[in-house]
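J.: Below is the structure I would like to discuss, written out as structure tokens.
The values are calculated or read from the model by the stated rules, or taken from the named source; none is laboratory data. Source: prediction; values computed, not measured. Counting neighbours? That spans all protein chains shown, and the Cβs are built from the backbone with ideal geometry, glycine included.
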Amino acid sequence: MNNRLQAILLLAITSLIWGSSFILIKRGLEVFEPLEVATLRVTVGCLVFLPIAIANLKNIRKGDMKFMILSGLMGSFFPSILFSVAGSGMSSALSGMLNGITPLFTFIISGLFFSYTFRKKQIWGILVGFLGAMILAFSKGNGAIDLNVFSLLVVLATVLYAINVNILNQFLNGYKPLALTALCILFAGIPAMGILFGQTAFADKMLHHPGAMRAFGFVFLLGLMGTSVAMVLFNRLIQISGPVTASTVTYLMPVIALFWGFVDNEALNMFHFFGLAAILGGVFLVNQKK
């Protein structure tokens, strides 16, 4: 399979998995607190890949561990917390749509810190994309215009994702995707497990809350697929197509998130669609080669 076809396939699968993550967060929040959902998600991902991570610790090149720790924190640990907290105050569809600005921040960081050349069309793409983000941030489900402060958490998460994509591409590109994912999630999982079992009521809820097992199943699926499997696919995508192209996984993610929002009867209005269209249009312009 050539790289182009492989990239398209990886984009589709990763988008489907990550686009469904917002509704899974919502289901987990029906029982667990945001911090519990976030740390459980990362813990599951860490435990799934723990044997692989341990086997590959000896293969970490000198000077690379600090970048793996940063990648684990910025690509998994902190965004998981931010999205879980955001999910407690906004719809899953809106979180997924707003997540679409990740490629814009990826481009900006690539240009400012890693010598990526800016072109006029891409500047327009950034402006259009951020206009769409503002529309989403200020549009409520009932049609009212007011800033949803939880949307700022999603924006911060997309900045962290963008930083992580550039770290992976610039400093960790020589590792096999499976080994790299396992190692990065290991460094995210260590603090996550400490918080989950030492600072939350997770264990007590599992023993006494009647809906805990169902919610646990949703978050387990989120950790297994969204934090583990999808990260392997995404790291491979970065290696064969670069950070900016890889981040266009968010073309399809908002559509998947929007679909689940409809299924779950979440309140949406025409401004949400205008905002999403502007974000996707901006991402399209940013990724134009000429």
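J.: Within the set of pairs 6+ apart or on separate chains, which have a first residue in segment 1-23 that is touching a residue at least 24 places away in the same chain (Cβ under 8 Å), a second that is surrounded by 13 or more Cβ atoms within 10 Å (Cβ to Cβ) and not in a helix (DSSP H, G or I), and C-beta atoms under 8 Å apart?
T.: Filtered contacts from segment 1-23: L11/L252; A12/L252; S15/L252; L16/L252; G19/L252; I23/D264.
J.: Turning to a different aspect of this structure: Write out, first by first residue and then by second, each pair whose Cβ atoms fall under 8 Å of each other, whose residues are 6+ apart or on separate chains, and whose first residue, in segment 105-132, is basic (K, R) while the second is assigned to a helix (DSSP H, G or I).
T.: K121/L285
J.: Looking only at segment 185-201, count every residue that is within 19 Å of T227 (Cα to Cα) and in contact with a helix residue (DSSP H, G or I) (Cβ under 6 Å, 6 or more places away or on another chain) and tell me the total.
T.: The number of residues fulfilling the criteria is 9.
J.: Look through segment 195-228, keep the residues that are farther than 18 Å from P34 by Cβ and buried (at least 18 other Cβ atoms within 10 Å of the Cβ), and return whichever of them is modelled with the lowest pLDDT.
T.: S228
J.: Is it true that some residue in segment 109-122 is closer than 26 Å to I185 by Cβ and crowded, with 17+ Cβ neighbours inside 10 Å? Spell out how you get there, then give the answer.
T.: The first filter runs over segment 109-122 and keeps only residues closer than 26 Å to I185 by Cβ, leaving 109-110, 113-114.
Okay, now just the ones that are also crowded, with 17+ Cβ neighbours inside 10 Å, so 109-110.
Yes, segment 109-122 contains a residue that is closer than 26 Å to I185 by Cβ and crowded, with 17+ Cβ neighbours inside 10 Å.
J.: The conditions are (1) charged (D, E, K, R); (2) modelled with pLDDT of 95 or more; (3) surrounded by fewer than 21 Cβ atoms within 10 Å (Cβ to Cβ), and R41 fails exactly one of them. Which is it?
T.: (3)
J.: So, one more: As an exercise: evaluate A257 against (1) at pLDDT below 90; (2) assigned to a helix (DSSP H, G or I) and give the number of the one condition it does not meet.
T.: That leaves (1) as the condition not met.
J.: Of the residues that sit in segment 26-38 and are not β-branched (V, I, T) and not in a helix (DSSP H, G or I), which one is surrounded by the most Cβ atoms within 10 Å (Cβ to Cβ)? Outline the logic, then answer.
T.: First, the residues of segment 26-38 that are not β-branched (V, I, T): 26-30, 32-36, 38.
In the following step, the residues that additionally are not in a helix (DSSP H, G or I) were identified as 29-30, 32-33.
Numbers: L29: 20, E30: 11, F32: 28, E33: 17.
Among them, the one singled out is F32.
J.: When only residues in segment 50-100 that are in a loop (DSSP other than H, G, I, E, B) and more than 30 Å from N265 (Cα to Cα) count, which is nearest to the chain's Cα centre (by Cα)?
T.: Step one: filter segment 50-100 for residues in a loop (DSSP other than H, G, I, E, B), giving 60-64, 88-91.
Add one more test, that the residue is more than 30 Å from N265 (Cα to Cα), and what stays is 60-64.
Details: I60: 25, R61: 26, K62: 28, G63: 26, D64: 23 Å.
Taking the candidates together, the pick is D64.
J.: Please determine whether any residue of segment 134-149 is among the hydrophobic types (A, V, I, L, M, F, W, C), surrounded by 21 or more Cβ atoms within 10 Å (Cβ to Cβ) and not in a helix (DSSP H, G or I).
T.: no
J.: Shifting gears a bit: If only one of I8, I17 is in a helix (DSSP H, G or I) and surrounded by 21 or more Cβ atoms within 10 Å (Cβ to Cβ), which one is it? Outline the logic, then answer.
T.: On the way: I8 fails: surrounded by 21 or more Cβ atoms within 10 Å (Cβ to Cβ).
Result: I17 is the single residue among I8, I17 that is in a helix (DSSP H, G or I) and surrounded by 21 or more Cβ atoms within 10 Å (Cβ to Cβ).
J.: Have a look at I8, I13 and point out the one that is closer than 22 Å to G72 by Cα and of a type in the set (V, I, T).
T.: Step by step, each of I8, I13 is checked, and only I13 is closer than 22 Å to G72 by Cα and of a type in the set (V, I, T).
J.: Quick check on my filter: what residues within segment 34-92 are within 29 Å of A212 (Cβ to Cβ) and of a type in the set (D, E, K, R)?
T.: E36, R41
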